[in-house]
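The block underneath contains the structure these notes are about, expressed in structure tokens.
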Amino acid sequence: GAHSQVIQNRLINRNFRRDKTRYLWIGTSPRLGLRGARMEAPHCPEIENYGSELNSEGSLYQNIYKHDPVLKLRVVRDHFATKEECIKVLGSTLCGMHGCYQMNSKTLLPVGGDSLPKVVAGMGLEGTLLVKALFERTRRCIMQDFKVDRLYLNACMLQRVQGTFRDDHLQADRSHVYWNPHIDKANIPSYDYSALLYLTTKGVHFSGGGDLTFIDEHQDVVISPVQGRLVAFTSGTESLHRAERVSNGTRIVLSMWFTTNKTHEEDDSVWFDPRAKATIERTASANDKSWRTTI
């Protein structure tokens, strides 16, 4: 709602400055071990609760249902998806995005809901099932790392950003700016937890930007994309962030958002038969060493 946008804009005006330290928290090397890494996200109650006593929407974590995360963190895990899994998803993504419209240099492919049959036709059943399995693996990891007892998929989307792109009939919005800072929950109020699974690596598949940057009050915290790396974080004001603009190559990421409220679940299980569901479960449970170790 409008109040959420006010909160987001106040935080951007306070934090988005050039006179701050840029802290590269996790770069492309060395890779993290099984324990991964975690950082507590800074709380900003003076902005989170701004005007809540005068506005029925309240704070972002109480505007449509009450859920204030016990742990407000940023969690990074390497090798969360194997190289083979990433390569398979990349191939399926490129097939699925064929003929899709672009916004500037960004292409989106939602994976779920009513669009699922069309996605399966483009990506293939094997690729679609692998994406659904990676989502399920991510869901379980977030439940463990953030101590959440229930969690549901809210949205799942493959995103491609290119340094150069064809300005042709598939260009829908030349003016789109994907690198703006934003708060996930200020734009979709049912988002409680966000996750990014990188399918490409900075310095290998793309260069000149592409980092994930958390825009805190006193410093910017930077994480570089690495193939198979998972970044998970709470979706509220503690996680103002942006993806920095890519100048060369192609950056592809599987973006996922989760809700603690089942009313907002995107449940597309009706599209899958028992054999497909078994494949999702088996693949989701594979490579479990990449996340079962407590950080």
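Summary of computed values
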| item | result |
| --- | --- |
| Rg/Rh (Cα only; Kirkwood hydrodynamic radius) as it applies to the range 171-295 | 1.00 |
| Between the range 103-177 and the range 21-38, the alpha-carbon center distance in angstrom | 24 |
| Heavy-atom accessible area per residue - the range 1-159, 1.4 Å, Å² | 50 |
| Karplus (6.51, -1.76, 1.60) ³J(HN,Hα), θ = phi - 60°, over the range 276-286, in Hz, Gly and Pro reported as x | 5, 5, 5, 5, 4, 4, 5, 5, 4, 7, 6 |
| Descending semi-axes in whole angstrom, ellipsoid equivalent of the range 130-244, from the Cα gyration tensor | 25, 18, 16 |
| In order through the range 193-208: 3J(HN,Hα) via Karplus (6.51 cos²θ - 1.76 cosθ + 1.60), integer Hz, x for Gly, Pro | 9, 10, 8, 10, 10, 7, 9, 10, 10, 5, x, 10, 9, 7, 8, x |
| Peptides 149-161, 226-238 ordered by average Cβ neighbours within 10 Å, highest first | 226-238, 149-161 |
| Amide H within-cut-off set for residue 154, under 5 Å, with H built and near neighbours excluded | 257, 258, 259, 266 |
| With every protein chain in place, the chain: carbon and sulfur % of accessible area (1.4 Å) | 51 |
| Which listed pairs, of 106/147; 118/185; 83/262; 20/289; 20/262; 20/83, have C-alpha distances above 31 Å, in listed order | 106/147; 83/262; 20/289; 20/262; 20/83 |
| Three semi-axes of the equivalent ellipsoid, the chain, Cα gyration tensor, whole Å, largest first | 28, 23, 21 |
| Square roots of 5 times each gyration tensor eigenvalue, C-alpha, the range 90-144, largest first, Å | 22, 14, 10 |
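The values are calculated or read from the model by the stated rules, or taken from the named source; none is laboratory data. Computed from a prediction, not measured in an experiment: that's the story for all the values here. Because the Cβ atoms are built from the backbone with ideal geometry, glycine has one as well, and the counts that use them run over all protein chains shown. These area figures cover heavy atoms from the full protein model, side chains too; ligands, DNA and RNA do not enter into them. Shrake-Rupley method; radii C 1.70, N 1.55, O 1.52, S 1.80 Å.
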